[in-house]
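Visitor: One structure, as structure tokens, below. Some questions next.
The values are calculated or read from the model by the stated rules, or taken from the named source; none is laboratory data. Since this is a predicted model, take the numbers as computed values, not measurements. Note that we place each Cβ from the backbone using ideal geometry, even for glycine, and neighbour counts take in every protein chain shown.
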Amino acid sequence: MSLSEISERLRKAEAAAGRTPGGVRLIAVSKVQPEARIEAVLAEGHRVFGENRVQEAAGKWPDFRTRFEGVELHLIGPLQTNKARQAMELFQAIHSVDRPKLARALARLAQETGHCPDLFIQVNTGEEDQKAGVMPQDVDTFVAECRALDLPVRGLMCIPPVDEEPSLHFALLAKMAERNGLAGLSMGMSGDFERAVAQGATHVRVGSAIFGARDYD
Ligand SMILES: *Cc1c(COP(=O)(O)O)cnc(C)c1O
């Protein structure tokens, strides 16, 4: 696969779902990828990227940003409160807001700096023990809590269980977003982004289908 093939598939999925052409944001997930592959995607003109570790992003993106203008970075992995300040400086959006302590830390920093990235609340739609995210039954309360803190909550995010049909989880997330008046839906990865678009995704997070398999060694 390549960026152009994935973009093409995304356009088709948008058309099939009756969505605005280009209306879904394609986040190219560059975690763990060799810099040469990331640079190739930047050279093709893509500017929206996702990383799941603050440290890793801080190591490579400041340099890329001096060479490529208009980079938009999304944090899609777990965020520790002691890294919140650094995350708010590096990222234009954080998709992993998942607990009151983190929300309060972000709110404090937003007050102090007068600036806050767009925020997505991560929902553990499969109620999996090992997975981050607020439980479905706690979403409404947590959204209200974040709003009371004046945080710019744009939407919800989920990572469906690997062994279940993702569309059910996407539909559930869409329902929770709608009843909370949230327009953003961060859902869909390499294997299921078209199904996510069919369920209303506004942001898809696609890694290996664009860059190739990740090599963790
Ligand atoms: C790694 C990751 C992705 C991308 O996964 P692919 O299957 O490579 O597309 C998307 N979302 C999150 C939260 C991730 O950690």
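Visitor: Could you tell me whether the stretch 49-70 includes any residue that is in a strand (DSSP E or B), within 16 Å of the ligand (Cβ to nearest atom), crowded, with 22+ Cβ neighbours inside 10 Å and charged (D, E, K, R)?
Guide: Yes, because at least one residue in the stretch 49-70 is in a strand (DSSP E or B), within 16 Å of the ligand (Cβ to nearest atom), crowded, with 22+ Cβ neighbours inside 10 Å and charged (D, E, K, R).
Visitor: Between residues in the stretch 17-31 that are within 16 Å of the ligand (Cβ to nearest atom) and residues that are among the acidic types (Asp, Glu), which pairs lie under 7 Å by C-beta distance while being six or more apart or on different chains?
Guide: As it stands, the answer is VAL24/GLU14; SER30/GLU51; LYS31/GLU51; LYS31/GLU56, since those pairs meet every condition given.
Visitor: Does the stretch 12-22 contain at least one residue that is of a type in the set (Val, Ile, Thr) and under 19 Å from HIS95 (Cβ atoms)?
Guide: No, every residue in the stretch 12-22 fails to be of a type in the set (Val, Ile, Thr) and under 19 Å from HIS95 (Cβ atoms).
Visitor: Need the failing condition index for MET135 against (1) surrounded by fewer than 17 Cβ atoms within 10 Å (Cβ to Cβ); (2) within 13 Å of the ligand (Cβ to nearest atom), just the number.
Guide: (2)
Visitor: Listed residues ALA36, ALA110, ALA40; which is surrounded by fewer than 21 Cβ atoms within 10 Å (Cβ to Cβ), touching a residue at least 24 places away in the same chain (Cβ under 8 Å), farther than 21 Å from ALA198 by Cα and small (Gly, Ala, Ser)?
Guide: ALA110
Visitor: Additional query: I'd like the full set of residues that are assigned to a loop (DSSP other than H, G, I, E, B) and either farther than 24 Å from HIS203 by Cα or under 14 Å from the mean Cα position of the chain (by Cα) (or both), limited to the stretch 77-111. Before you say what the answer is, go through the steps one by one.
Guide: Initially, the stretch 77-111 is screened for residues assigned to a loop (DSSP other than H, G, I, E, B), giving 77-80, 91-92, 98-99.
Hits for the stretch 77-111 are GLY77, PRO78, LEU79, PHE91, GLN92, ASP98.
Visitor: I need every pair where a residue in the stretch 46-58 that is farther than 19 Å from ALA84 by Cα has its Cβ under 8 Å from the Cβ of a residue that is of a type in the set (Lys, Arg), sequence separation at least 6 or different chains.
Guide: VAL48/ARG25
Visitor: Any residue in the stretch 72-90 that's under 14 Å from PRO62 (Cα atoms) and among the small types (Gly, Ala, Ser): show its pairings with residues that are part of a strand (DSSP E or B) and within 16 Å of the ligand (Cβ to nearest atom) at Cβ separation under 9 Å, as long as the two are six or more apart or on different chains.
Guide: Pairs that qualify, where the first residue is under 14 Å from PRO62 (Cα atoms) and among the small types (Gly, Ala, Ser) and the partner is part of a strand (DSSP E or B) and within 16 Å of the ligand (Cβ to nearest atom), are ALA87/LEU75; ALA87/ILE94.
Visitor: Let me ask another. Would you check if there is a residue in the stretch 92-106 being in contact with a helix residue (DSSP H, G or I) (Cβ under 7 Å, 6 or more places away or on another chain), away from the ligand (no atom under 16 Å from the Cβ), more than 16 Å from ALA132 (Cβ to Cβ) and modelled with pLDDT of 95 or more?
Guide: No, the stretch 92-106 has no match at all.
Visitor: In the stretch 158-167, how many are in contact with a helix residue (DSSP H, G or I) (Cβ under 9 Å, 6 or more places away or on another chain) and within 13 Å of the ligand (Cβ to nearest atom)? Lay out the reasoning, then the answer.
Guide: At the first step, the residues of the stretch 158-167 found to be in contact with a helix residue (DSSP H, G or I) (Cβ under 9 Å, 6 or more places away or on another chain) are 158-161, 165-167.
Add one more test, that the residue is within 13 Å of the ligand (Cβ to nearest atom), and what stays is 158-160, 166.
Total meeting the criteria: 4.
Visitor: Give me a count of the residues in the stretch 168-217 that are closer than 21 Å to CYS146 by Cα, within 16 Å of the ligand (Cβ to nearest atom) and assigned to a helix (DSSP H, G or I).
Guide: Number satisfying all stated conditions: 1.
Visitor: Inspect the stretch 141-157 for any residue being of a type in the set (A, V, I, L, M, F, W, C) and within 16 Å of the ligand (Cβ to nearest atom) and give the result as yes or no.
Guide: To start, the set of residues in the stretch 141-157 that are of a type in the set (A, V, I, L, M, F, W, C) comprises 142-144, 146, 148-149, 151, 153, 156-157.
Narrowing the set further to residues that are within 16 Å of the ligand (Cβ to nearest atom) leaves 156-157.
There is at least one residue in the stretch 141-157 that is of a type in the set (A, V, I, L, M, F, W, C) and within 16 Å of the ligand (Cβ to nearest atom).
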